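The block underneath contains the structure these notes are about, expressed in structure tokens.
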Amino acid sequence: MNWSNIFFFLLFLGGCSPTSTNLQIQSQSKVSEGPNPEALKYFMEGQLYINQGNYALASVELQNALLIDKNVSTIHLSLADCYWMLKKPDLSIFHMRNAIAIEPENQNIKELLAKRFLALKQLNEAEKVYLQLSVENPDSVKYILVLAELTRSQNNFEDAISYYQQAHNVIPQELSYLETAADLALQLRN
């Protein structure tokens, strides 16, 4: 049984995740020999505390799991959620970045990180993550549109126009992107 299966099993038993996001993290942790039994014990205890809403004790258990096996993204993500719920965003971001370093191909973790930056009103950091996501997913307008709205909210109409044009290039039949770009161009002119 690998960390992914354990994580999803615990989510199934505990119901929905207690974090404020609706994003399902589909972890595919890189574990070569299977989970360390001692780390697994701490991880499971931490998940039980999370399900009870006791994030302080959960963070202690998850930290103990990381002392034993620091290369499991699921542990970092759970700890990031604990710190987020404990109003410690810097530690949450730190562990999310560690999870991304372990699983650089996992788009869901990156998207969650970007949403956390948005919640913290760190728009430049969110923009960096969404830009990376748009480069990694060139056929998806989702991230391009988020970038367009981010730059628009910062009154950077020229970049917003460019992003809307990129979105139109991805989906040429969607004319609303060009209409929005034209509206912004008129605002820029005035």
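Throughout, read-outs are computed from the coordinates displayed, never taken from laboratory work. Note that the coordinates shown come from a computational prediction; the quantities given were computed from them, not determined experimentally. Backbone-built Cβ (ideal geometry, glycine too); neighbour counts: all protein chains shown.
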If you plug each phi of region 164-178 into the Karplus form 6.51 cos²θ - 1.76 cosθ + 1.60 with θ = phi - 60°, what whole-Hz ³J(HN,Hα) values come out, in order, with x for Gly and Pro? 5, 5, 4, 4, 5, 5, 6, 10, x, 6, 8, 7, 4, 5, 5
Under 37 °C and 0.692 mPa s, how fast does region 131-190 diffuse according to Stokes-Einstein, given a Kirkwood radius computed over C-alpha pairs? Answer in µm²/s, whole number. 291
Over its alpha-carbon atoms, region 38-190 yields an Rg and a Dmax in Å of 19.4, 65
What residues qualify as long-range amide H neighbours of Asn36, i.e. H under 5 Å apart, gap of 5 or more or another chain, H built at 1.01 Å from N? none
Beyond 14 Å, what percent of the Cα pairs of region 72-134 remain? 52
At a Förster radius of 35 Å, what calculated FRET efficiency corresponds to the Cβ-Cβ distance of Leu178 and Glu105, to the nearest 0.05? 0.60
